[in-house]
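The next block holds one structure in the form of structure tokens; read it before the comments.
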Amino acid sequence: MDKTMGITEPVFVSSSDTQVIKRLEEKLGDAHPKLLGIDGEEIPLPDPLYQVLRQVIHLMAAGKVISLVPHDHYLSTQEAAEILNVSRPYLYTLLEKEEIPYTMVGTHRRIQVQDLMEYKRKRDSLRRQALDELIAFSQEEGFYS
């Protein structure tokens, strides 16, 4: 697969690299890093690239595996189910209910990354809201004292 167009291979962090990445995360705090070329030329990182770098470093420092996926990339149902942390049969249910848009490619369903991430954002927001309501109810009923 052409890595410039699709999902890149996952990047795993070795235990020996974790400490260095954690130090780098601390140093990036409010800094605005620059690349230093072989010839000594300093090239400031544009803010969007800096923000991506900070997110990647934060996740890697937490020991997460990283893959970069363009928003216009299409995922298989297996890949989409893994991102949502649900089974493929459950994902099919969501697709049939039209909760997530998809495209047919031959006999296979394909889901655009941006559509999947939009569904995930909405789902996570609803979950957070329900949890906040449950906590508020529990506090009102005196379950927390």
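Worth a mention:
- Relative contact order (percent, whole number), the chain, Cα cutoff 8 Å, 6+ residue spacing: 21 percent
- Taking the range 74-140 and dividing mean pair separation by its residue count, relative contact order in percent (alpha carbons under 8 Å, at least six apart): 30 percent
- With the highest mean first, a sort of the peptides 128-136, 62-70, 109-117 on other beta-carbon atoms found within 10 angstrom per residue produces 109-117, 62-70, 128-136.
- A value for Cα Rg over 2.2 N^0.38 Å was derived from the coordinates, and within the list [x] 1.04; [y] 1.20; [z] 1.40 it appears as [z].
- Ellipticity estimate at 222 nm from DSSP helix runs (n ≥ 4, -39,500 (n - 2.57)) divided over the chain, nearest 500: -16500 deg cm²/dmol
- Estimated from the Cβ-Cβ distance and a Förster radius of 41 angstrom, the FRET efficiency linking A130 and V69 is about 0.90.
Laboratory data are not the source of any read-out in this text; all were calculated from the coordinates shown. Quick caveat: nothing in here was measured; it's all calculated off a predicted structure. Note that we place each Cβ from the backbone using ideal geometry, even for glycine, and neighbour counts take in every protein chain shown.
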